[in-house]
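In what follows, a structure is listed as structure tokens, so that the remarks can point back to it.
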Amino acid sequence: KVRRQKELEKQNLQSELKLLKNQLNPHFLFNALNNIDSLIRSDPEKASKSLVQMSDMMRYMIYETNVPEVYFRQELDYIKNYLALQRLQYDNPELVSYVLEGEAGDICIAPMLFIPFIENAFKHGISPVEPSYINISISEDNDKIECTIRNSNYPKTRADKSGSGIGLEQVRKRLELVYPGIYKWDNHLSDDGKEYFSNIIIYLKH
């Protein structure tokens with residue numbers, strides 16, 4: 001019975017990750033390709049660098065995440081490339097801030113863990129006409145990995161398919177499967193509804 005339960009849990013994890021990868025925002029990929037295409041004449045060096053970043057992202061997502069855990073530094077590289085490609089779309093260098101504290105070392109983590117939260121910030125945090133911001137902080141020490149995201153809040157309507165991404169309930173379900181009892185997740189709107197806050201802590205096993 002225990003063995004059967006473990007097998008079911010493994011199948012659930014694989015299914016959740018497959019669904020996550022399949023749903024990862026195709027709108028983002030489409031925009032990134034268009035932005036790179038527009039750079040080819042104006043800034044071919046930047047266009048080439050962006051293509052390499054996109055290639056690295058796709059290779060990681062397709063070939064290197066079919067395992068229970070990856071090196072944390074691989075996830076950080078993926079996030080860095082994701083943010084670089086997102087920045088191509090917006091003529092505002094102040095829009096996104098990203099701070100990393102600590103050394104990734106040989107710490108391992110479940111793949112594609114933080115990207116749904118970051119994608120959600122882009123989905124709901126940017127207005128074409130109002131002041132917008134996305135602040136991301138990731139820190140690591142011997143006991144935990146923590147990701148904090150603050151973003152301006154401009155929720156999309158059901159009719160707006162741009163940026164449609166991963167449902168947060170699905171993310172919570174995956175956290176429960178992968179890190180039962182050793183994670184914390186706090187997410188809420190500010191009192192005035194103008195800022196969304198999300199904080200995820202994964203306590204490391206020793």
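The values are calculated or read from the model by the stated rules, or taken from the named source; none is laboratory data. The structure displayed is predicted, hence computed values, not measured ones. Here Cβ is always computed from backbone atoms with ideal geometry, including for glycine, and neighbour counts include all displayed protein chains. What goes into the accessible areas is simple: the full protein's heavy atoms, side chains included, and nothing from ligands, DNA or RNA. Shrake-Rupley method; radii C 1.70, N 1.55, O 1.52, S 1.80 Å.
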### Message
Go through (1) in a helix (DSSP H, G or I); (2) at pLDDT 90 or above; (3) over 22 Å from TYR179 (Cα atoms) for PHE117 and report which single condition fails.
### Response
(3)
### Message
Between a residue in the stretch 72-83 that is closer than 13 Å to ILE145 by Cβ and any residue that is part of a helix (DSSP H, G or I), which pairs come within a Cβ distance under 9 Å, given they are 6 or more apart or on different chains?
### Response
GLU75/TYR60; GLU75/ILE115; ILE79/ILE115; ILE79/ILE118
### Query
What residue, of ILE166, ILE136, is under 15 Å from the mean Cα position of the chain (by Cα), closer than 24 Å to PHE30 by Cα and at pLDDT 95 or above?
ILE136
### Query
Among (1) within 19 Å of SER55 (Cβ to Cβ); (2) surrounded by fewer than 16 Cβ atoms within 10 Å (Cβ to Cβ), which single condition is VAL70 missing?
(2)
### Count - residues of the stretch 84-110 that are within 19 Å of LEU29 (Cα to Cα), part of a loop (DSSP other than H, G, I, E, B) and touching a residue at least 24 places away in the same chain (Cβ under 8 Å)
3
### Condition met for LEU39 (open to solvent by 80 Å² or more (accessible area, probe 1.4 Å) and on the phi < 0 side of the Ramachandran plot)
no
### Unmet requirement for ASP143, which otherwise passes all of (1) modelled with pLDDT under 90; (2) farther than 20 Å from PHE30 by Cβ; (3) under 18 Å from the mean Cα position of the chain (by Cα)
(3)
#### Entry: HIS206, sole failed condition from (1) modelled with pLDDT under 90; (2) at positive phi; (3) not acidic (Asp, Glu)
(2)
